Amino acid sequence: LLQHFFTEVDMRSRYLYKNFIILFSLFLVVFLSNGIAQDKLFATKGVLELAGTVSYSNFTMVSNGETSDDDLSIFTLAPQIGYFITDGFELGIGTGIALVPGYSVLSPSEGESTNFFQLFLAPSYNLRTENKSIYPFLEAQIGYTSVSSGDNTDSGLSYGGRVGVKLVAANNFLITFSGQYLLITLNEEGEDERDGINYLTIGVGVSGFF
């Protein structure tokens, strides 16, 4: 299933790419809370960190100037939440790899849809420095990944970690620079040896906190 997915996406991404994407992270919370005095600093006990993505993408093949009737649609829902149970220590729930995060549905114009599901427990430690705008962090990730299409399902325990730095860009607003490495397991039922992918990514993200 996984090999088929990557082959299909790679083939279509060489051609016309139409993409409509809606990103949300808690900017509404930031705007709605502008008039509220913020007594808490980031990475202190009781602070809640929230982020997320909702997106819709569509890949359409073009050959010799002719647009094909075949296309591939991808819908993704990927919320993320973290709560500081003590100063510096955050307990979070995340949604795995950024390529197809959270809950994703891949719907080709012909054939069966493929469903991705990921859910990760993500405890992390955010280092509080003298500079109240810079927070280096180290995060462990362990969770479950599943890919299903029709009667076929590949799934397993996945794990890895993320390291980086969070910058407080404004009141209640964070920019995160990080590197992530995950071992995604996608085994058929009863399979002993691990199948899946090893995933390395470096990226930038945004989130809100209050």
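The values are calculated or read from the model by the stated rules, or taken from the named source; none is laboratory data. What you see is a predicted model; the values in this text were computed from it and never measured. Note that each Cβ is placed from the backbone with ideal geometry, even for glycine, and that neighbours are counted across all protein chains shown. All accessible areas refer to the heavy atoms of the entire protein, side chains included, with ligands and DNA or RNA removed. Shrake-Rupley method; radii C 1.70, N 1.55, O 1.52, S 1.80 Å.
In terms of its alpha-carbon gyration tensor, region 60-192 comes out oblate; a/c meets the 1.5 threshold, while b/c is at least as large as a/b. In summary, the aspartates and glutamates within cross-link reach of residue 40, defined as a Cα separation below 18 angstrom excluding same-chain residues under 8 places away, comprise 49, 87, 90, 130. Ranking 177, 120 by solvent-accessible area of protein heavy atoms (1.4 Å probe, all protein chains present), from largest to smallest, gives 177, 120. A simple rule links phi to the HN-Hα coupling: the Karplus curve 6.51 cos²θ - 1.76 cosθ + 1.60 with θ = phi - 60°, which for region 197-210 gives 9, 9, 10, 10, 9, 10, x, 10, x, 10, 7, x, 9, 7 Hz, with x for Gly and Pro. Note on residue 125: accessible area is roughly 120 Å² with a 1.4 Å probe, heavy atoms of protein only. When only alpha carbons are used to place a centre, region 55-127 and region 187-210 end up 11 Å from one another.
Once both labels are positioned 7 Å from their Cα atoms along Cα-to-Cβ, the gap between residue 138 and residue 41 label points is 2.1 nm.
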